[in-house]
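Just below is one structure, and these are the notes that go with it.
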């Protein structure tokens with residue numbers, strides 16, 4: 001795996017290196033030892049799979065707070081998504097900034113989202129599927145949502161509106 005730091009402390013791009021031959025290919029999705037060596041938390045307790053039927057579907061921005069705060073390692077196993085990590089840690093020098101990365105079934109990239117950051121993504125192909133590892137169990141009472149289109153974050157989403165967004169995500173608050 002190739003692990004690259006980003007401009008936000010604790011956020012990494014993790015790239016799998018598949019072994020290819022005439023039969024196809026093989027890759028490790030997660031190597032806990034390599035992740036921990038690079039400074040990431042990797043004792044995952046839950047693995048989530050999410051399918052989006054249509055290009056332009058937005059999921060998030062979500063985080064969990066308190067004891068339920070979670071680290072995530074996100075990949076795309078079908079189609080492509082634009083994955084976003086937003087720093088919502090008030091004391092952070094990169095507060096309000098985001099890292100956005102295209103994750104696809106072809107590029108083998110993953111995005112590591114640490115505790116204290118919000119996460120979301122947009123499907124940029126029809127029929128995309130995201131797989132992500134999470135360090136805490138889903139705790140509805142600890143969930144916090146932020147608007148995906150908050151001007152404070154100024155996220156440059158790669159697909160033009162209209163977007164497909166859940167009522168729950170549309171009801172999320174703006175940061176200010």
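The values are calculated or read from the model by the stated rules, or taken from the named source; none is laboratory data. Note that the coordinates shown come from a computational prediction; the quantities given were computed from them, not determined experimentally. Here Cβ is always computed from backbone atoms with ideal geometry, including for glycine, and neighbour counts include all displayed protein chains.
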Next on the checklist: So, in the range 60-98, how many residues would count as being in a strand (DSSP E or B) and over 10 Å from the mean Cα position of the chain (by Cα)?
Outcome noted: 7
Checklist outcome for this item: Scanning the range 123-153 for residues that are free of Cβ contacts under 8 Å to residues at least 24 places away in the same chain and not in a helix (DSSP H, G or I), the one farthest from residue 62 (Cα to Cα) turns out to be 151
Checklist entry - Taking the stated definitions as given, is residue 168 in contact with a strand residue (DSSP E or B) (Cβ under 8 Å, 6 or more places away or on another chain), without any contact (Cβ under 8 Å) to a residue 24 or more places away in the chain and closer than 18 Å to residue 58 by Cβ? => result yes
Item to check | Among the candidates 133, 148, 137, 174, residue that is closer than 22 Å to residue 8 by Cα, in contact with a strand residue (DSSP E or B) (Cβ under 9 Å, 6 or more places away or on another chain) and loosely packed, with under 15 Cβ neighbours inside 10 Å | outcome: 174
Checklist entry - Does residue 50 fit the bill of being surrounded by 14 or more Cβ atoms within 10 Å (Cβ to Cβ), closer than 20 Å to residue 153 by Cα and modelled with pLDDT of 95 or more? => result no
Checklist entry - Could we say that residue 24 is in contact with a helix residue (DSSP H, G or I) (Cβ under 7 Å, 6 or more places away or on another chain), over 30 Å from residue 164 (Cβ atoms) and loosely packed, with under 13 Cβ neighbours inside 10 Å here? => result no
Checklist entry - Out of the range 99-122, which residues are under 17 Å from residue 67 (Cα atoms), in a strand (DSSP E or B) and touching a residue at least 60 places away in the same chain (Cβ under 8 Å)? => result 113, 117
Checklist outcome for this item: Considering residues that are farther than 20 Å from residue 135 by Cα and free of Cβ contacts under 8 Å to residues at least 60 places away in the same chain, the number found within the range 14-67 is 8
